[in-house]
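The values are calculated or read from the model by the stated rules, or taken from the named source; none is laboratory data. Owing to the predicted nature of the structure, the values given are computational and were not obtained by experimental measurement. Here the Cβ positions follow ideal geometry from the backbone for every residue, glycine too, while neighbour counts run over all protein chains shown.
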Amino acid sequence: MTERKNGNGSNSQNNTRADSRPAAQGNRRSGQRPEGGARSQGPNVPNMNQRHTQGPGPRQGYGQGPAGQGRPPQGGARQPGYGPGAGGPPPRNGRPGYNQGPYGQPYGQGAPRGARRPQEPGRGPARPAGGYRPPAGRPPVQQPPRKKGKKRVMFAVEILALLVLAVGLFVFSKFTKLRHENVGDVVLNENIPTSEADLMKQYTNIVLYGVDSRDGNLTTDAHSDTIMIASINNKTKDVKLVSVYRDTYLDNTNGEYRKATECYYFGGPERSRNMLNKNLDLNIEDFVTVNFNAVVAVVDRLGGIELDITDDEVVYINDYSVENKQVTGVDYENLTQSGLQTVNGIQALAYCRIRYGGGDDFKRTERQRLVLSKIIEKVKNTDPLTLNGIIDDVLPEVATSLSTTEILSLATNAASYNFVDTTGFPFNQTPMTIPSRNDCVVPNNLANNVQQLHQWMFGSEDYTPSATVQEISNKIINETGVQ
């Protein structure tokens, strides 16, 4: 016969078992296993395939004895499981289940989240549930905290990027209404002194044209009734405006001497800008052309501007307003009195066009500079909604060589610009009628006037005009006798 070790280490026959143990230990197997019965196991050894029912009741599991084992009921049917050993914890939630381990959970399901294994004799520190247990003698590995701040920063960056994109699309949609023109070839006098050329680079000089275009053409077949140079000090943001009288007798870039305004009609802003560079020793590259209709829209959007109107100007404003209404289709009311008052767009445009009542073109350019400065000062303090309306009204009436980036750069600094002075050019002049040229404004010694202009615009001391300007000046003196 083969011998087998029982649970307590003693030898026994494999087909017999002793019945000499006390009855208090519960029912024991006889030599024959009941039909359908199960082999008994050692104490506190769980059987994963069986369940138990505790305590007295109509359905009993194994009888509980000191060894925690018993005989299944007759019939051989397996009960739901083992009963827990003596003194073990009761089933959780009143439901039968496996013998429960030290974590209070049925075997095979592990510890609940966040629970720790109790300290056992002879073993290292309790291991966190689901975590790594470091080897004995090593400190536990500390997990770095999650970087919630980084997620917040990334979210903020994403929101900022979306806002920038939205603003960019908004600005792009606005500037698509603007007429961008090729800057063309810029003509500069080569013999300008190096020191003066370096000084002029510290300023941004842009020529502004006001045209009376009835058919919407801004750069061709249009007379530049306004020729104004805006000089911006890049460091101080001081702005100066100088009007070049439209009838000034100058070289039209090709050796032909005519009125300055005719250059724009025959060659557009490119030729007119080069005419200014050649006759005045300047370095202008960019231009902005505005139809007079834009003046009406801007002033009306701003709620009007304040002007001090003389008695003579009241009459001329009412007369010009009739034509302005025909061109723009905007209604108006006649002025009834002189003095400081708020005028609307039609009236402000009529004020800019007055050439009579004393002062002729000199006084007219002064009025134009006054209206422009009033508009700019009011725009600087306007609300975004009004500003958006102005942009919608004005941009279709504007042509420029400035890129969108350059316009945005200028607009960013608009609030810091300071209009410090305005003037007209030539400083010294003689009105006269020239055969085939009609009424003209002849500069008294162009070279001397250019010297004054550089001193006024850039603070140049003892500037000596270029040889090109000296040559043009002598030509004018020879033709007109004015010096």
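Return yes when I284 is aliphatic (A, V, I, L, M) and part of a strand (DSSP E or B) and no when it is not. Show your work before the answer.
Values: aliphatic (A, V, I, L, M): yes; part of a strand (DSSP E or B): no.
It is false that I284 is aliphatic (A, V, I, L, M) and part of a strand (DSSP E or B).
When the residues of the stretch 240-255 are filtered to those that are modelled with pLDDT under 95 and out of contact with any Asp or Glu (no Cβ under 9 Å at 6 or more places or on another chain), the one that is farthest from P443 (Cα to Cα) is N254. Residue check: is I309 in contact (Cβ under 8 Å) with a residue 24 or more places away in the chain and in contact with a helix residue (DSSP H, G or I) (Cβ under 6 Å, 6 or more places away or on another chain)? No: the conditions fail for I309. Taken as a whole, the structure places L276 among residues that are at pLDDT 95 or above and either outside any strand (DSSP E or B) or out of contact with any helix residue (DSSP H, G or I) (no Cβ under 8 Å at 6 or more places or on another chain) (or both). Here the condition is being out of contact with any Asp or Glu (no Cβ under 8 Å at 6 or more places or on another chain) and outside any strand (DSSP E or B); of R258, R271, it holds for R271 alone. Of everything in the stretch 199-227, what is within 14 Å of L282 (Cβ to Cβ) and more than 33 Å from the chain's Cα centre (by Cα)? Give them in sequence order. Once the filter is applied, which keeps residues that are within 14 Å of L282 (Cβ to Cβ) and more than 33 Å from the chain's Cα centre (by Cα), the stretch 199-227 yields L199, I227.
Among the residues of the stretch 426-445, none is identified as part of a strand (DSSP E or B), touching a Phe, Trp or Tyr at 6+ places or on another chain (Cβ under 9 Å) and of a type in the set (D, E, K, R).
Of the set (1) over 26 Å from the mean Cα position of the chain (by Cα); (2) assigned to a helix (DSSP H, G or I); (3) farther than 21 Å from G210 by Cβ, all apply to D300 but (3).
Looking only at residues in the stretch 170-206 that are of a type in the set (F, W, Y) and within 21 Å of S401 (Cβ to Cβ), which one is modelled with the lowest pLDDT? Step by step, filter the stretch 170-206, then rank; the result is F172. Looking across the stretch 364-381, the residues that are without any contact (Cβ under 8 Å) to a residue 24 or more places away in the chain and crowded, with 16+ Cβ neighbours inside 10 Å come down to R364, R367.
Out of all the residues in the stretch 339-356, which are within 20 Å of T422 (Cβ to Cβ) and touching a residue at least 24 places away in the same chain (Cβ under 8 Å)?
L340, V343, A348, L349, Y351, C352, R353, I354
Hey, can you tell me all the residues within the stretch 352-363 that are under 13 Å from I317 (Cβ atoms), among the charged types (D, E, K, R) and surrounded by fewer than 18 Cβ atoms within 10 Å (Cβ to Cβ)? Before you say what the answer is, go through the steps one by one.
Step one: list which residues in the stretch 352-363 are under 13 Å from I317 (Cβ atoms), which gives 352-357.
Still in the list and also among the charged types (D, E, K, R): 353, 355.
Hit for the stretch 352-363 is R355, nothing else.
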